[in-house]
Amino acid sequence: MKQILLLEDDLALAHGIALALKAAGQVLPCPDLAAARQALQAQAFDLLLLDMNLPDGSGLDLCREVRRTASVPIIFLTARDAEYDEVAGLEAGADDYIVKPFSLAVLRARVDAVLRRAERPATGSVIRFGDLQFDFDQQVFTRAGAPLTLSRTEQRLLRLLVCNAGRTLPRALLMARVWDGGEYVDENTLSVTIRRLRQKLEADPKKPAYLRTVYGIGYVWGRGDG
């Protein structure tokens, strides 16, 4: 059974979410950051559902902490609906961002989609481009020998790009393939994920050598010298 951590200080809402996701896995509600950090130290989780505004801080901080070492899928559930809040959540490493109030049916669908994407097998070999090395099966990624931590969404997007190296992939295709049809994502999600990948993979993210933009169309991964 999947293990899901739910960081939510509204106890009634947390109870409702736990019931709604009963079929997806076992939900462990945590009312604050302290409880969530303690739970993360005690066991592994298959999915994190994080609120932003909490009694002892922000879920953004926990998301950044987790992303330093782990690729576990993360979804924000928050009342903060401004575009810059969504961008901040995605840049912190979230795989999805859902604004309250939300339909429990939609939440179930998006949780199921994230969990399905996390389970899918990747490529069967190590891929190299210059000083970059990608092992999708083992989820090991390095740049000049130094390890890189990529979220599951970043891994899926990267795999799609590098397996089509030299071919321009339209934004609509990337959103449909990476986010299971793209029904629940917007343009910000793809743009932020591309920016995160460049920050991690490129020597100069403002002048990318590999992950290049084809303006008005989409993105292309250069073949590099590896």
*Dipole magnitude of segment 29-97 about its Cα centre (Cβ charges: Lys, Arg +1; Asp, Glu -1), debye to nearest 20*: 340 debye
*Just from its helices, what would the mean residue ellipticity at 222 nm be for the chain, if runs of 4 or more DSSP H residues each count -39500 (n - 2.57) and the sum is divided by every residue, rounded to the nearest 500 deg cm²/dmol?*
-12000 deg cm²/dmol
*asked:* Which one, Tyr97, Val72, Ile127, projects farthest toward the positive side of the charge dipole computed for segment 1-153 from Cβ point charges (K/R +1, D/E -1)?
replied: Ile127
*Based on the Cβ-Cβ distance from Tyr84 to Arg128, what FRET efficiency comes out when R0 is 30 Å, to the nearest 0.05?*
0.25
*Quick one: if you take sqrt(5λ) for each eigenvalue of the C-alpha gyration tensor of segment 43-131, what semi-axes come out, biggest first, whole angstrom?*
25, 17, 13
*To the nearest Å, what is the center-to-center distance of segment 84-160 and segment 199-220, using C-alpha atoms only?*
18 Å
*Solvent-accessible area per residue, Å², over the chain with all protein chains present [probe radius 1.4 Å]*: 47 Å²
_Counting C-alpha atoms alone, how compact is the chain: give Rg to one decimal and Dmax as a whole number, in angstrom._
17.6, 55
*What is the dipole size for the chain, taken about its Cα centre, with +1 at each Lys and Arg Cβ and -1 at each Asp and Glu Cβ, in debye to the nearest 20?*
980 debye
*Given a 1.4 Å probe and every protein chain left where it sits, what share in percent of the accessible area of segment 22-139 is carbon and sulfur?*
47 percent
*Summing +1 for each Lys or Arg and -1 for each Asp or Glu, what net charge is found among the other residues whose Cβ lies under 12 Å from the Cβ of Ser191?*
-1
*Using 1/(1 + (r/R0)^6) with R0 = 45 angstrom and r between the beta carbons of Ala12 and Lys200, what's the FRET efficiency to the nearest 0.05?*
0.70
*According to a simple spin-label model (label point 7 Å from Cα along Cα-to-Cβ), what is the distance in nm between Thr168 and Asp61?*
4.5 nm
_Taking the alpha-carbon distance from Lys2 and a cut-off under 16 Å, which aspartates and glutamates remain once sequence neighbours fewer than 8 residues away in the same chain are dropped?_
Asp46, Asp112, Glu119
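The values are calculated or read from the model by the stated rules, or taken from the named source; none is laboratory data. A quick note: this is a predicted structure, and the numbers were derived from the prediction, not measured. Because the Cβ atoms are built from the backbone with ideal geometry, glycine has one as well, and the counts that use them run over all protein chains shown. Calculation scope for accessible area: heavy atoms of the full protein, side chains included, ligands and nucleic acids excluded. Shrake-Rupley method; radii C 1.70, N 1.55, O 1.52, S 1.80 Å.
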